[in-house]
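Working notes, structure below.
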Amino acid sequence: MSLAGELKRNSAETVRPAAFFTLDRNYFVGNIAQYGSLFCEVNCIDDLLKNDNFFPLDNPHVRDAIEKAFNEIPSQVRFKHAIGDKTFHFDLYCFPELGQYNSSIGCFLADRCRDEETAISLQSKIDRLDIINQAVRAFAETTNLNEILRIILLAVTSGPGLGFNRGFIFLSDESLTYLHGCLATGPSSPAEAGEIWKSLSEEPLSLAEILRFYRSGESPFDTYVNQLVTSLKIPLAESSSFLKRSYEERRALVIDSDSNLNEDEISLKKKLGAESLAVAPLVSRDSWLGVIIADNLITNKPISSSDLQLLEIFARYASDAIDNTHLYGRLQRKVAKLKKANEEIIRTRENLIRSEKLTGISKMALEVAHEIRNPLTVIGGHSNARLRKIKDDPENERIYGIISKQAARIENTLNRFSSIISMSEKKDSKFNIGDLIVETLRTMTSVKSEKMPVVDIDDKAKDGMILIDRGLFHKAMMVIIREASLIAGGLSNLRLEIKEQHNFAIILIRGEELNEKFAHSFFDAMRIGQGELKSQEISVALEIIKHYGGDLGIGSPEISKGWLIVEFPLIKEEE
Amino acid sequence: MKNILIVDDEEDIRSLYESEFEIEGYKIYSVSSGSEALDFIENNYDLDLVILDIKMDDMDGLEVLENIRTRTNKVPVILNSAYSTYKNNFTSWLADAYLVKSSNLSELKDKVRELLTV
């Protein structure tokens, strides 16, 4: 393009069309000079200005400005005037002409139509930006996904918002296998729409108010659309789905009768019921969150390109809001985990300090117990030996009797003391009950070179975890299993079953001869307690089991066959 | 007559057990350490039973027990300790019995009789 041509083009685009002319007392126009090419959409301004109807002399502001100029006061007025079926906008500057007092004035008339169009377009853009702004503000006020989804639908369907009749939200699952219909809003019929819109018109609300008032409650009118949307589950494997296309192209689409659709797409469109659908993708930084579908089922208003553009822009902000709720949820879960871990560390540290103190005390106590037991054995042992040998010496017999009795008394105290010491050294951890039992049996069978008994673990008990000190568990179970194996004639003659019942791990030890007679001798041993070592061991085993909230018992549906029952409380997952 | 070896670093305990088991009719040998016990076992094939203390100065009883078991499974061993806690140590399961020391020797005597009868 030549320089002259360029200048002319710039001039045509930037110079505001205007005209200079004179006006006499009879409002006749003369000396017309035109600037710019098109003035009020006509090439020649002369005809326009000479038209009798051009000046709106019935407009008092226009008349007043002209009169002021006739009285030598320059003035200015902005007015609009309808010519034919169009409205034009003008700025009129009136000023007195030198030497023409009260007979003629000069006028400068500028065409403001283009300014006005720009202003209207600008206002429209501001209004659209405001919709996004209001929605973003509402998004920022909540981290609840349901509220976010409701805000999206309110903004899409409300009059002061995007103004669609209905809106649907589909969200993808984590593995991106399906889109699930989550939430929808909008009337199911023209009658229902009339009812809703009537109630809304009685008390018109701004978009901000609508988002604030309705975001947390479900509308009674949305039942049908919500039933419809939640019944829809769309597989994402469909390569030609318009939902997937919208995601892949990262833009909003209009799906109408002109769209080339496959059978599944036709079926989905039919279910939704509208002739035209607007589909906008919900996309986060790295994945597909879902889609917004909007339509004008009731009004049948065509979906314009600007409607679509606004929906696309809005969907991007909505995607961020949904993504933020996901991130917030993940963050909250991590914070909770960290908090729990921190509490665990504090608890462990306290336990460690306590345990170290106890270990120190225990070691010292063990040494003391050992130092007492050896001389006690010697004193008591010699005393017992002497007692057997004494004849006809009642005084010495009485004295040695006292020594033996007191030695036995101190020994009993030491026995109890020892079992308490071993309990104080415990280090509790989470263990799988099945693993612990198998470990116990493996140790017993390897030491004694025996065959493993059958261990049957119920499906429900397979993941059962208990909190216990591993050494104490082995100690208790070895004593019980050993006693059972002695009666049954060996470890391999036992059968162990582990079940789960009412949050308890139930260990059944079955075997021949574990009958009622055995049960009596077993429990008698526990009651008699302190005398024999075997009894002491059973007592300590029971003490360990009870310490961990468990119990020991016997069941026998038949006289000859029965089972020992050991139970431990299972720990729940969150513990 | 059955031969019994007593292994204990406490002289008074050895002396008590010697007198008590001799009355019962056994031939008693006693040593005061783990290494002496292993030497004795090495040179005496006619040993019938060992009463073994655990906590001793040079070599503990569990180590002695392991050594005995690598040589023979035929000689019964009774662990006899002032500590009950060694029962948590699985090596102690290699012994035929584990008895905590007591002034009442009847349990120990019963166990010796039982093992020697078998």
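Worth pointing out:
- The selection criterion, being modelled with pLDDT under 85, surrounded by fewer than 19 Cβ atoms within 10 Å (Cβ to Cβ) and among the hydroxyl-bearing types (Ser, Thr, Tyr), does not hold for A:Ser241.
- Residue in the range A:338-359 that is within 10 Å of chain B (Cβ to nearest Cβ) and either surrounded by fewer than 13 Cβ atoms within 10 Å (Cβ to Cβ) or among the polar types (S, T, N, Q) (or both) present: no
- Scope the range A:123-144; condition outside any helix (DSSP H, G or I) and surrounded by fewer than 16 Cβ atoms within 10 Å (Cβ to Cβ); matching residues: A:Glu141, A:Asn144
- Set B:Tyr98, B:Tyr29: member being touching a Leu at 6+ places or on another chain (Cβ under 7 Å), outside any helix (DSSP H, G or I), within 14 Å of chain A (Cβ to nearest Cβ) and within 23 Å of A:Val378 (Cα to Cα): B:Tyr98
- Filter result (among the charged types (D, E, K, R), within 13 Å of the chain's Cα centre (by Cα) and under 17 Å from A:Glu537 (Cβ atoms)) within the range B:95-118: B:Asp96, B:Lys101, B:Lys111
- Residue in the range A:324-333 that is within 30 Å of A:Ala155 (Cβ to Cβ) and among the hydrophobic types (A, V, I, L, M, F, W, C) present: yes
- Listed here are the helices (runs of 4 or more DSSP H) enclosed by the range A:158-277 that have at least 2 residues being among the basic types (Lys, Arg): A:242-248, A:263-272.
- Hits in the range A:80-104 - residues which are of a type in the set (Gly, Ala, Ser), exposed (fewer than 12 other Cβ atoms within 10 Å of the Cβ) and in a strand (DSSP E or B): A:Ala82
- Residue in the range B:55-94 that is nearest to the chain's Cα centre (by Cα), counting only those that are at pLDDT 85 or above and within 10 Å of chain A (Cβ to nearest Cβ): B:Asn80
- Residue that is modelled with the highest pLDDT [pool: residues in the range A:361-393 that are at the interface with another protein chain (Cβ under 8 Å from one of its Cβ atoms) and under 60 Å from the mean Cα position of the chain (by Cα)]: A:Ala369
- A:Ile120 vs. criteria in contact (Cβ under 8 Å) with a residue 24 or more places away in the chain, part of a helix (DSSP H, G or I) and not acidic (Asp, Glu): no
- Only one of the listed residues (B:Ser15, B:Ser103) is without any contact (Cβ under 8 Å) to a residue 12 or more places away in the chain, surrounded by fewer than 17 Cβ atoms within 10 Å (Cβ to Cβ) and out of contact with any Asp or Glu (no Cβ under 6 Å at 6 or more places or on another chain). That residue is B:Ser15.
- Considering the range B:44-54, the residues that are under 12 Å from the mean Cα position of the chain (by Cα) and charged (D, E, K, R) include one that is farthest from the other protein chains (Cβ to nearest Cβ), namely B:Asp48.
- Check on A:Leu149, part of a helix (DSSP H, G or I), under 44 Å from the mean Cα position of the chain (by Cα), under 30 Å from A:Leu48 (Cα atoms) and of a type in the set (A, V, I, L, M): no
- Residue list for the range B:56-81, filter: in contact (Cβ under 8 Å) with a residue 40 or more places away in the chain and surrounded by fewer than 18 Cβ atoms within 10 Å (Cβ to Cβ): B:Asp57
- Any chance B:Glu20 is under 17 Å from A:Pro375 (Cβ atoms) and modelled with pLDDT under 95: yes
- Filter pass, A:Asn324 being part of a helix (DSSP H, G or I), within 11 Å of chain B (Cβ to nearest Cβ) and not aliphatic (A, V, I, L, M): no
- B:Glu22, sole failed condition from (1) within 12 Å of chain A (Cβ to nearest Cβ); (2) surrounded by 22 or more Cβ atoms within 10 Å (Cβ to Cβ): (2)
- Scan of the range A:442-484 for residues that are within 14 Å of chain B (Cβ to nearest Cβ), among the small types (Gly, Ala, Ser) and either touching a residue at least 40 places away in the same chain (Cβ under 8 Å) or not in a helix (DSSP H, G or I) (or both), ordered by number: A:Ser449, A:Gly471, A:Ala476
The values are calculated or read from the model by the stated rules, or taken from the named source; none is laboratory data. Just so it is clear, the model here is predicted, and its values are computed rather than measured. Cβ coordinates were reconstructed from backbone atoms using ideal geometry, including for glycine residues, and neighbour counts include every protein chain displayed.
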